[in-house]
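Everything below concerns the one structure shown next.
The values are calculated or read from the model by the stated rules, or taken from the named source; none is laboratory data. All of these numbers come straight from a predicted model, not from anything done at the bench. Virtual Cβ from ideal backbone geometry, glycine too; neighbours counted across all protein chains shown.
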């Protein structure tokens, strides 16, 4: 597998993209378009929030046939909690895009991100769609990735190439997300395109499994948004035969898909609002993977743990308290805790101030690993998160778009 860091969607055969400014944000790109020259097999994974934004509902409706050819995305306004008008506006985004591209409206995926509760200015959106269509380019990947950002500080893109049946297959992805991040999924959007060929059952299965292992293993602040989706389109233009479920070619592609999703997920964590550190919480020695994940998330979302990491304080008491709040059976006298290479707790008790001082010095690093061993079983789970800094409060106290 050849990794192309900062590779964009337009590296994939038949994919064009654009990102333009249509007036939703001040002086920044705010409308992105992705277009495949041929219809693609498509699948999606969506937010589990019980409040679901209009574009998610319309996209589910349009993707009921598992075919897509274009994705239109606006940033700055979420089109969420907007009632029937929001649904009408999302459908209009699809129809205006479809008319401009001369494709069926049901082949258009619609996504929005931004502030909840505001209506879309459809005149600006409609004019922007025309401009976005006219701006489509095989070099437009960077502009599209920029146009979907909100509080993000950098664009998130990656591509890989792999050999299947003697031909080169390309897979690329772009994502946005920095805050309101919690699996199921979070205030995040991710769009994946490939020139490989799959039946829809295989494509859906691969995407769901990859999301569960990657995007559903990150958290910045524990909040789940109303707009989240991960979409994949496979347009077949590599020329390879359709990759079948359970084949060696499928497993090869799965490895690439999970890698791309994992890297995009880590970029989201790295760009967490106000974050100064990327933190991996790993819980091992659990009875089940599900129990390990519950504890890992409880630690990762504890404001006390996150602020202690920001302050470079080895306050392991906060970690062990979070373990106890995970809602799963534990034995306090079996718990071991490591901060990176420095074990600070053994059998539920401190190993002394010298170890804690070493761990505190380790917390100066930008990438932190905290390992909790329950010593109860053989299962484990990891969650990626951030520290919690004063800047997070400043960003969200002043958040407009």
Of the residues in the range 29-63, those that are part of a loop (DSSP other than H, G, I, E, B), within 15 Å of residue 225 (Cβ to Cβ) and either within 18 Å of the chain's Cα centre (by Cα) or in contact (Cβ under 8 Å) with a residue 40 or more places away in the chain (or both) come to 47, 48, 49, 51, 52, 53
Looking for something in contact with a strand residue (DSSP E or B) (Cβ under 6 Å, 6 or more places away or on another chain), in a loop (DSSP other than H, G, I, E, B) and under 17 Å from residue 376 (Cα atoms) - is there at least one such residue anywhere in the range 275-282? no
When only residues in the range 345-362 that are in contact with a strand residue (DSSP E or B) (Cβ under 6 Å, 6 or more places away or on another chain) and assigned to a helix (DSSP H, G or I) count, which is farthest from residue 334 (Cα to Cα)? 362
For the subset of the range 254-278 comprising residues that are modelled with pLDDT of 95 or more and buried (at least 22 other Cβ atoms within 10 Å of the Cβ), which member is nearest to residue 234 (Cα to Cα)? 257
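Table: residues versus (1) within 24 Å of residue 235 (Cα to Cα); (2) outside any helix (DSSP H, G or I); (3) touching a helix residue (DSSP H, G or I) at 6+ places or on another chain (Cβ under 6 Å).
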residue: 69; (1), (2), (3): yes, yes, yes
residue: 99; (1), (2), (3): yes, no, no
residue: 106; (1), (2), (3): yes, no, yes
residue: 112; (1), (2), (3): yes, yes, yes
residue: 132; (1), (2), (3): yes, no, no
residue: 144; (1), (2), (3): yes, no, no
Which of the residues belonging to the range 128-150 are surrounded by 17 or more Cβ atoms within 10 Å (Cβ to Cβ) and under 26 Å from residue 257 (Cα atoms)? 136, 140, 141, 142, 143, 144, 145, 146, 147, 148, 149, 150
Selection from the range 79-90 of residues that are closer than 26 Å to residue 15 by Cβ and assigned to a loop (DSSP other than H, G, I, E, B): 79
Against the conditions (1) more than 17 Å from residue 162 (Cβ to Cβ); (2) part of a helix (DSSP H, G or I); (3) in contact with a helix residue (DSSP H, G or I) (Cβ under 6 Å, 6 or more places away or on another chain), where does residue 268 fall short? Just the number, please. (3)
Among the residues of the range 32-47, is there at least one that is under 16 Å from residue 232 (Cα atoms), modelled with pLDDT of 95 or more and out of contact with any strand residue (DSSP E or B) (no Cβ under 7 Å at 6 or more places or on another chain)? yes
